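Remarks on the structure that follows.
The values are calculated or read from the model by the stated rules, or taken from the named source; none is laboratory data. None of the values given here were measured: they were computed from a predicted structure. Positions of Cβ are backbone-derived with ideal geometry, glycine not excepted, and every protein chain shown enters the neighbour counts. Heavy atoms of the whole protein, side chains included, go into the accessibility calculation; ligands, DNA and RNA do not. Shrake-Rupley method; radii C 1.70, N 1.55, O 1.52, S 1.80 Å.
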Amino acid sequence: MTESHELAGKALLEWWGLAGVDLDDARAILRSAAAIPGPAAPRPSAPQPRPAAPTARPSAPADPALKAAADMARACSTIAELRRAVAAFEGCGLKAAARSTVFGDGIEGAPVLLIGEGPGKDEDEQGKPFVGRSGLLLDRMLGSIGLSRQSNVFISNVVYWRPPGNRPATQGELAACLPFVDRLIALAAPKILILAGGVAAQTVLRRQEGVTKLRGRRLVLDSKELTNPINALVMLHPAYLLRQPQQKRLAWADLLALAAWLEEIGVAPGQRL
Ligand code: URA
């Protein structure tokens, strides 16, 4: 970051403070911007080299962070080991600005695994997924059909660190975490995998369709890393439902579809909350 960027950053922080913005968030954004090199100073008299013609690189070497993630994830044979591996992983840029690694909460090896989008402010502070407002709604939704993280659900996310200012995670950040997400699914081998929201659904299922196309349907996740194919159901994200409460009827339809599917495959409901 150049000196003028730094001054502009300070002025921006001051202005955000006056406007009542959460300054923890703002500082995290500026810290992560500081890691990005500023533009090189122009050298008007130097001859401008012609940009090199792009060369085709059909087999470009894999990103070392992705390879490290894949190696670390593959080496884990329990969910507890995977939790430690994620905490030790340094290949996702989100980690630098986050307070906590948010891996998961609930019963390891539960019949239901739920994967959401990523930690927010409350999750970052407490080190657990879905503990803020959307988490409370999620717990109530699951509780209405006899599911809870105390008895029969494990909850995680497609990224393990809070994106600064709650921006969406980038494709690179999602890709860096994905080997761990895939490994969690393989190790947990749930009877049903619930994907909360479009980002989790598209990332885990490797599908392009939006959440409105994918939600409420009986889907199957299969890959060579899985011993058996896994039943998957996409539902609307609780944070979306907080913003669009009129969509709760769709979420209710998804929950009923999920309850019917769980009953069919013999997953007993826990105590209804
Ligand atoms: N939203 C998510 O997708 N995950 C969390 O952990 C919290 C909010």
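Backbone phi angles across the range 260-268, fed through the Karplus curve with coefficients 6.51, -1.76 and 1.60 (θ = phi - 60°), yield HN-Hα couplings of 5, 5, 4, 5, 4, 9, x, 8, 6 Hz in residue order; Gly and Pro are listed as x. The phi torsions of the range 240-251, fed into the Karplus equation with coefficients 6.51, -1.76 and 1.60 and a -60° offset, translate into couplings of 5, 5, 5, 7, 10, x, 5, 7, 4, 5, 5, 5 Hz, rounded to whole numbers, with Gly and Pro shown as x.
Calculate, in nm to one decimal, what Arg217 and Ala65 gain on full extension: separation in residues at 0.36 nm each, minus their alpha carbon distance. Before the final figure, lay out the partial values.
Working: separation 152, 0.36 × 152 = 54.72 nm, distance 3.40 nm.
Result for the pair: 51.3 nm of gain on full extension.
What the Cβ-Cβ distance of Arg243 and Arg99 gives, at R0 = 22 Å and to the nearest 0.05, is a FRET efficiency of 0.30.
Taking square-rooted eigenvalues a ≥ b ≥ c of the alpha carbon gyration tensor, is the range 209-273 rounded, prolate or oblate, where a/c under 1.5 means rounded and, failing that, a/b exceeding b/c means prolate? Oblate, since a/c reaches 1.5 and b/c is not below a/b.
Subtracting the Cα-Cα distance of Glu81 and Gln150 from their residue separation scaled by 0.36 nm leaves 22.8 nm.
Taking amide H atoms as placed 1.01 Å from N in the peptide plane, the amide H of Ala232 lies under 5 Å from those of Leu193, Leu219, Val220, Leu221, each 5 or more residues away in sequence or on another chain.
Over the range 128-273, give the accessible area per residue in Å² for a 1.4 Å probe, as an integer. Numbers along the way, then the final one.
On the way: 6710 Å² over 146 residues.
Counting only protein heavy atoms, the per-residue value for the range 128-273 is 46 Å².
Surface calculation, 1.4 Å probe, protein heavy atoms: Lys121 sits at approximately 70 Å² accessible. Could you give the distance between the Cα centres of the range 133-196 and the range 101-131, to the whole Å? Here the two parts' Cα centres lie 6 Å apart.
Pairs from the table (Lys191/Lys248; Lys95/Lys191; Lys67/Lys224; Lys67/Lys248; Lys67/Lys213) lying more than 29 angstrom apart at Cα are Lys95/Lys191; Lys67/Lys248; Lys67/Lys213. A Förster radius of 45 Å combined with the Cβ-Cβ distance from Ala257 to Ala88 puts the calculated FRET efficiency at roughly 0.70. In this structure, the amide hydrogen of Asn157, modeled 1.01 Å from its nitrogen in the peptide plane, lies closer than 5 angstrom to those of Gly116, counting only residues at least 5 positions away or on a different chain. In the range 144-273, the portion of solvent-accessible area held by carbon and sulfur atoms comes to 52 percent [1.4 Å probe, whole percent, DNA, RNA and ligands not counted].
What does DSSP give for the range 64-264 in terms of the percent of beta bridges that are antiparallel, rounded to the nearest 5? Before the final figure, lay out the partial values.
Values: 5 of 20 bridges.
Taking every DSSP beta bridge with both residues in the range 64-264, the antiparallel ones total about 25 percent.
Using the Karplus relation 6.51 cos²θ - 1.76 cosθ + 1.60 with θ = phi - 60°, the per-residue 3J(HN,Hα) values for the range 173-180 come to 5, 5, 5, 5, 8, 4, x, 6 Hz, with x marking Gly and Pro.
Any idea what % of Cα-Cα pairs in the range 67-195 are farther than 16 Å?
On the way: 4866 of 8256 pairs.
Roughly 59 percent, once rounded to a whole number.
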